[in-house]
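See below for the structure under consideration.
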Amino acid sequence: MRIGICGAGTVAQGVVQILRDQSGLMSRLNPDPIEVVALASRRNLNLPVFEGIPFIDDVFALAEREDIDVLVELIGGTDDAFTLVKAALANGKSVVTANKALLAHHGAALFQIAREHEVSLLFEAAVCGGIPIIKALNESFVGNQVKGIAGIINGTTNFILTKMAQQGQNGAFDAVLAEAQHLGYAEADPTFDVGGMDAAHKLAIMASLAFEEPLQLDAIYVEGIESITSDDHEWAERLGFSIKHLGIALADDGGIEMRVHPALVPNGSQLASIQDVTNAVNVLADPLGEILLTGAGAGAGPTGSSVVSDLFDLAAGCARKPPPALMSVTSTRAAKSIEHTISGWMVRVDVPDESGAMSEVASVLAEYGLSIDQIQQRDTAGGMATVALILDPVREDQLRSALLNLEGRSNVAGTRAIRVFDSRAVG
């Protein structure tokens, strides 16, 4: 099988290195080994790993070449990548991609083209690097009804939140982000990671496969970690939680909810133990139950391994056709708005340290049907006190109405609210 690789970055280097190192892989493919016949990139990095591979600077040319059976798209972005992949599929070439943004925005059109030309579009590497979550959802859960997915699906945000928690009051967001950038865990422009869009792209793909619904990126509620503070981490720890940035997708007869946001996760749970740049995806299915997949979410080795896995399937003749949901544009279940989702909450209220202040807060919460599971108080400067509460799961619009009421009261100096992940739902 003859392949052309578009892109010469970290993942491309990993793919070529694996193909060269894993001699056993080729022997298992005999008599149809994988041969890299061309590398296309706008920059010739002249790296030793690419030695002996013909180089061209026109990535689009690979989509036209007759001596290439499979195109590996590793250039990233959406516009050029869409043009490239569309052309390759239309020319009868299968495509392997690691581009989650491309699929989240243009997947339906591309999978339709792949079906029309009877070729494959494989994308294991697009979601969570080396974790085989796509194959699991496509194959391992056949015979199951997936109820929910919850995961730490962006290594950059997990690294930042881990370090902030470890460094306590010295763990300011900006300082830890700079550390992540220095170590290569965050881009120079980290907006897609810390703002949550990278996780939303991945969640859109997983939810479509899990629930057999179209890709619905626009229906995902997205919230990043930029507003998380060292005080948030300190209060979470005092109350028995860790803060994680989660992608959550749940489905029932009433609809589908998809959301990306920071949340308190109970210490002792599986997700709370996931540290640094590691990713983890927890899937709840019936009748299988609960399963956790965890591993490196990015990098030359993990992501390159997933690309090679897809290439092996193509070479071995066992690649599957695109799932129908990925080609569809018509939903069978409505997406729920964030206001109608249910979460527990950590709420902090700043009030005067005097008699009656806390009872007024409790009265307002009760008025809106909010039940308190935990409560702690700490005196602060200037005769004030911070009251931290863990609230039982409640609809978001109820919580927001209660906070609006509290913030309008003369003896409330401020409020802060962060969702609490309900581990009974998924993991």
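Between 0 and 90 degrees, rounded to the nearest ten: what's the tilt of helix 197-211 against the longest Cα principal axis of the chain? With both axes taken from Cα atoms, the answer is about 80 degrees. Under a model in which nothing but the beta-carbon of Lys, Arg (+1) and Asp, Glu (-1) is charged, the chain shows a dipole of about 580 debye around its Cα centre. Extension gain for residue 252-residue 20 works out to 78.9 nm (0.36 nm per residue, less the C-alpha to C-alpha distance).
At full extension, residue 117 and residue 91 could sit 8.6 nm farther apart than now, given 0.36 nm per residue minus the alpha carbon distance. Site pair residue 398 and residue 371 shows an inter-label distance of 0.9 nm when each label is modelled 7 Å from Cα along Cα→Cβ.
Placing dummy labels 7 Å off each Cα toward the beta-carbon, the span from residue 270 to residue 139 is 2.0 nm.
Rounded to the nearest 10 degrees, the inclination of helix 173-182 to the longest alpha-carbon principal axis of the chain is 20 degrees. Within a straight-line Cα-Cα reach of under 18 Å, residue 100 can be paired with the following lysines, leaving aside sequence neighbours fewer than 8 residues apart in one chain: 86, 135, 202. The alpha carbon centroids of region 1-76 and region 205-245 are separated by 36 Å. Of all the options 354, 226, 66, the one that moves most in a Gaussian network model of the chain with Cα springs shorter than 10 angstrom is 354.
Between residue 64 and residue 28, the simple spin-label model (points 7 angstrom out along Cα→Cβ) gives 3.7 nm. Against the chain, whose longest principal axis is taken from its Cα atoms, helix 357-367 shows a tilt of about 60°. Computed from the Cβ-Cβ distance with R0 of 60 Å, the FRET efficiency linking residue 316 to residue 381 stands at 0.35.
Counting only Cβ charges, +1 for Lys and Arg and -1 for Asp and Glu, the dipole size of region 2-126 around its Cα centre is about 260 debye.
The numbers here are math on the coordinates, done by the rules we state, and not lab data. None of the values given here were measured: they were computed from a predicted structure. Every residue, glycine among them, receives a Cβ derived from its backbone with ideal geometry; neighbour counts consider all protein chains shown.
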